Structure formats: C-alpha cells, structure tokens
1. Take the solvent-accessible surface of the protein heavy atoms, probe 1.4 Å, and return the percent of it on the range 92-157 that carbon and sulfur atoms account for.
2. Using heavy-atom solvent-accessible surface (probe 1.4 Å) with all chains present, what is the largest-first order of Phe96, Phe271?
3. How charged is the neighbourhood of Asp112? Take every other residue with its Cβ under 15 Å from the Cβ of Asp112, and add Lys/Arg as +1 and Asp/Glu as -1.
4. Using 7 Å Cα-to-Cβ label points, what is the Ala204/Asn153 separation (nm, one decimal)?
5. Want the number for Ser105 to Arg241: 0.36 nm per residue separation, take away the alpha-carbon distance, what's left?
6. Over all directions, average the projected area of the Cα convex hull of the range 114-158 and note it in nm².
7. Considering the convex hull of the alpha carbon atoms of the range 224-304, report its projected area averaged over all viewing directions, in nm², one decimal.
8. Can you give the net charge of the other residues whose Cβ lies under 10 Å from the Cβ of Phe90, counting K and R as +1 and D and E as -1?
Amino acid sequence: MSTPPHPGGSSGFPGLPWPPDPSRPLPSPGDAHDPPDLPPAPPLQGEPVPPREGYERSTRQRVLYLPVVAGGELLGYLWAAETNTNACGFLRNLAFFERSLSASSLWSRRLDEAYDEGLPAQDAVRRWRGAPEDPEGGAVPADAQEQWAPGLNELGASLNPDAPRSPGPLVQDGLYPDGTPADRSRGWGPLVSAPLPGYPEETAGPVVHLPVVLGGELVGYVWAAESGDAAGYLRRVPAGRAGEIAMGLWKARLSDAFEAGVHAVQAIRAFRGLPEDHLSGTVPAGAAERQAPALAELRRLAEQ
C-alpha cells in the first residue's frame, strides 16, 4: 500500500509522502525532497510467475515445417521462421485433440531445451528428424521432406481448416504489422494512434464470460452480452501487470471478430482452445462458460 499524501498536499505539497518523522517540518514547495528509505514491498501472494525465456511462438514470415507423426497419424507440424532465428514452435492437429495436446507439451519442452542451448530456430526443428518415436509426442520421420508455407496462419488453415484463426501478438519478428521496428533504435514508422474497431464495451444486461489463463494463473476474462452486441476483456486486478499486458491480443481478436461480422457471444466461444500466447495466455479448451447478471458484477469478480 502506498504512503498517503500529507493532508496539506493539495495546497502546496502535491504528491509528497507523509514525513517519516512527524517532528520534522514540511519542506517548502521549492525545496528538494528526498523520499524516505522504505523497505521493498513484499511480493503479492498469487502474482503470476513471469514466463521463462524461449523461442517466439509466432511469426509473419514464411515458415519451414516438418511433420510429427505417431502410429501413422499426423499430430502436427514443427515449424520455424524463414529469417527470424528466434521463432519456432509446434502446430497441433486438432483432429487428434488429446494426442496432439500431449505431443504439444513434449515438443514445447524440447524446444525450450534447444533455446537454452542457443540453437537457431531452424536447427532446433531439424535436429529431431529421424529421432526415435516418443510414445506421447511421436516423431519426425527420417525421410520427411522440408516444406514451406507462406505464413503460420496459412499453415494452420491447411492443418485445421475449421479452427478460428488468431492474428497473434501485435509485435512479431520484432516488427509491428506495418513494418515499424519495435526497437526504436532501428527506426520509426508513422506515429499514428487509432482505436481498433470493435464491439461496444458497455451493456446493462446479463453477460457470459470465460477465463483467460496464463501459465496456469487466472489473469482476466473475455465477456459478451447475452443480448446485443457488446463484448470485451476485463483484466483480473490481482494478476497485476500480467493481466494488463494480456489485454492487447484479446482486444485485437475481438476487433477481428467484429469486422468479420461474428456475433459477440459466438466470438468469445471461438477463443476456447487457441494456442497459449506467452504474453496473453489462452481460454482453456474445457473452460466453463459462466453468467453474471450485469457487467458490474463481473467487474467486482475481477477485483477479487
């Protein structure tokens, strides 16, 4: 909890903390002020643990990919970006939902190990060609041919044609969608700020909501009005900064659904089971849809 301002702060000392020694006179408005040497605040219970460092799990570049099979069944693809040496991952085949989910855990661990070894993304993918088949995660056949797709979304569409498409994080391969580098030392793009088109974010009636989970921790909710076209994302206050950071991708997904003409409730239901983003989390595939009598009630829940 922050130290309260002095009662007289609004008439000469705005923003100054209460003096640590009440016997000391208040400083004059023009004097230098040394804040008290307070001990650091203890960590909050339940604060989400920051995700470990690893390869980026999204890209806008062309992707190299190799099949992962088990018992003749295609469980998914290992992929790596064309020139971004830090982007690769495993794309699940949702036709084999449970098996590909187990495989995803194995390949994520293997890619994390490759990252720790400092391997470029394509080498991290190629190293598994011809390795013995794992009973859970399958294998990349020794004779598998490297193939290329125009992008990760296109590869996903060919593997899971009926699954919802995700635009991914705003920054991919170190660039914003218009090509502006996220690292400003590499240059600047046009400095334009415009709100995303989207559903109204207020409603007076009942709402349905689904949990957003990051690393096993609840960081927020996506919600939609039961009647009407309102929808949005609410961060869970105890999740702190993680809940705020997660907001960007969910708002982008809602904006895409709005522009595609998808009804608000259908939009949030389509978010179930999307791959977990390392910053924004996921709505678990088996998440239960719940109802709140009003958006204000959901806001109260998000504060707990």
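The values are calculated or read from the model by the stated rules, or taken from the named source; none is laboratory data. Keep in mind that this is a model prediction, so the values were computed, not measured. Here the Cβ is made from the backbone with ideal geometry for all residues, glycine too, and neighbour counts use every protein chain on show. In case anyone asks, the SASA skips ligands and DNA or RNA and just uses the protein heavy atoms, side chains included. Shrake-Rupley method; radii C 1.70, N 1.55, O 1.52, S 1.80 Å.
1. On the way: 1730 of 3550 Å².
After summing per-atom areas, the C and S share lands at 49 percent.
2. Largest accessible area first, the list is Phe96, Phe271.
3. Values: positive: Arg52, Arg57, Arg109, Arg110, Arg127; negative: Glu53, Glu56, Glu113, Asp116, Glu117, Asp123, Glu276.
Net local charge, Asp112 excluded: -2.
4. A separation of 3.8 nm, rounded to one decimal place.
5. Details: separation 136, 0.36 × 136 = 48.96 nm, distance 2.62 nm.
Here the answer is 46.3 nm.
6. Details: hull surface 17.3 nm².
Approximately 4.3 nm², given one-decimal rounding.
7. Working: hull surface 21.4 nm².
The orientation-averaged projected area of the Cα hull of the range 224-304 comes to 5.4 nm².
8. Values: positive: Arg57, Arg92, Arg110; negative: none.
Around Phe90, the charge tally is +3.
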